[in-house]
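*Asks:* Quick one: this structure, given as structure tokens, is what I'll be asking you about.
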Amino acid sequence: MFIKICFVCLLAVSCGTGTPKPNQFHSSPTIVAEPLVNRSSWKFGTNEGVKFQTPFWNIHTTIQIDSIVDSLPSFYSDLLDHYTTIFGEFPYPQKQIDVFLFADELQWKQKLKLMLGTQAKEWYSLGRGGLTVDGVGVLYHLDSRSRSRVTLRIAAHEGWHQYAESIFLNCLPTWLDEGIGTWMEGFRIRNGKVRFTPSSNWDRLTTIRKIISANRLDSLEYLLESDPSAILSTGRTNLLGYYAQLWAFTSFIVEFEQGKYMPGLHRILTSALHGKLREPRGGWLYAFTNDPREMEREYNGWVLQYTKPGSSWR
């Protein structure tokens, strides 16, 4: 059983071995037209809810706020379009991805108990968050009143993990899977339209600024080799710092010098897609460059400017 967890400002992931899975994706990565949405009533115990079925998602929710509920099919559709195009052309899942988005934490816990039995209690301490169990997302509403920003931010992060699990034959290295997950969290909604803006992530930005100010920026080699489970044992603050640095490093890979290191990222993703992913001799930095020291020097200079108050990204 693969379990991936996600909670506000604190995220972790576990994945199986690198053994290839059966092929589970369409051969054509072409963007599909706006999906048809089948809406029906759904109940979780005595809780009334709604189920949305699209070509790629089964979305179940007991949230009773119409503005949030009505936005879910289009938001998840936009997510999938984003996932399949932002790093090149990647396939859509062959099977629908299941999401359960509950109105409160109690319902969320009840669902986990149904799925995990006695093991569910191990995850109750997540508090404000959600997780994915064997590709099924289990989340709950985290915002106050009719807001949805935090809830959808977690949905975007976990949605990436669900998508990656459904199409890649090899698991991505943890640092990259979580780095991309944090990078997917940033978005803005204007006039009902979603605009994905990875830099719009105040929690990650605030944390990385504190790390830089305290001169605690990890070396890239250490960052990429770190185990989030081990870091968690040293304290929440350290794990928050780990994910903020992954967000910054992923942003660097994508943005530095108009995508200087994007070919390396694309090779990793393509290799994982076809079950041919292998860690380079010497470590993952060699997937991007023959000179990791120079790459780190570039990153250190870039991240100082990127996170500086008033920088152009804002």
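*Asks:* For segment 222-314, which GluC sites (Glu not before Pro) pass both filters: DSSP loop (anything but H, G, I, E, B) and at most 14 other C-beta atoms within 10 Å?
*Replies:* Numbers: sites: Glu225, Glu255, Glu257, Glu294, Glu296, Glu298; in loops: none.
Nothing satisfies the criteria.
*Asks:* OK, next. Determine which lysines satisfy two conditions relative to Lys210: a Cα distance under 25 Å, and not lying fewer than 8 residues away in the same chain.
*Replies:* Qualifying lysines at Cα under 25 Å: Lys308.
*Asks:* Ratio to report: Rg/Rh of segment 29-113, with Cα atoms as the point set and Rh obtained by the Kirkwood method; give two decimals.
*Replies:* Values: Rg = 14.1 Å, Rh = 13.9 Å.
Here Rg/Rh amounts to 1.02.
*Asks:* I'd like the trypsin sites (Lys or Arg not before Pro) in segment 230-286 restricted to DSSP loop residues with at most 13 other Cβ atoms within 10 Å, sorted by number.
*Replies:* Numbers: sites: Arg236, Lys260, Arg267, Lys276, Arg278, Arg281; in loops: Lys260, Lys276, Arg278, Arg281.
Answer in residue order: Lys276, Arg278, Arg281.
*Asks:* What does the extension gain come out to for Gln258 and His274, with contour length at 0.36 nm per residue minus their alpha carbon separation?
*Replies:* Values: separation 16, 0.36 × 16 = 5.76 nm, distance 2.68 nm.
Result: 3.1 nm gained on full extension.
*Asks:* To the nearest 0.05, what FRET efficiency results for Thr85 and Ala214 with a Förster distance of 25 Å applied to their C-beta separation?
*Replies:* On the way: r = 37 Å, r/R0 = 1.50.
Here the calculated transfer efficiency is 0.10.
*Asks:* Determine, from the Cβ-Cβ distance of Asp70 and Asp134 and an R0 of 30 Å, the FRET efficiency 1/(1 + (r/R0)^6), rounded to the nearest 0.05. Please report the intermediate quantities before stating the final value.
*Replies:* Numbers: r = 29 Å, r/R0 = 0.95.
Using R0 = 30 Å, I get an efficiency of 0.55.
*Asks:* Taking the square root of 5 times each eigenvalue of the Cα gyration tensor, what semi-axes in Å does the equivalent ellipsoid of segment 197-314 have, largest first? Write down the numbers at each step before the final one.
*Replies:* On the way: eigenvalues 109, 69, 37 Å².
Each semi-axis is √(5λ); the values are 23, 19, 14 Å.
*Asks:* For a Förster distance of 25 Å, can you work out the FRET efficiency between the beta-carbons of Val37 and Ser144, rounded to the nearest 0.05?
*Replies:* Values: r = 27 Å, r/R0 = 1.10.
Rounded to the nearest 0.05, the efficiency is 0.35.
*Asks:* Same structure, new question: Students often forget the sequence filter, so: which lysines lie under 29 Å Cα-Cα from Lys95 once same-chain residues fewer than 8 apart are removed?
*Replies:* Result set, ordered by chain and number: Lys4, Lys21, Lys43, Lys51, Lys109, Lys111, Lys113, Lys193, Lys276.
Bear in mind that the values in this text are calculations on the coordinates, not laboratory data. Given the structure is predicted, the values throughout are model-derived calculations rather than measurements. Note: ideal-geometry Cβ built from the backbone for every residue, glycine included; neighbour counts use all protein chains shown.
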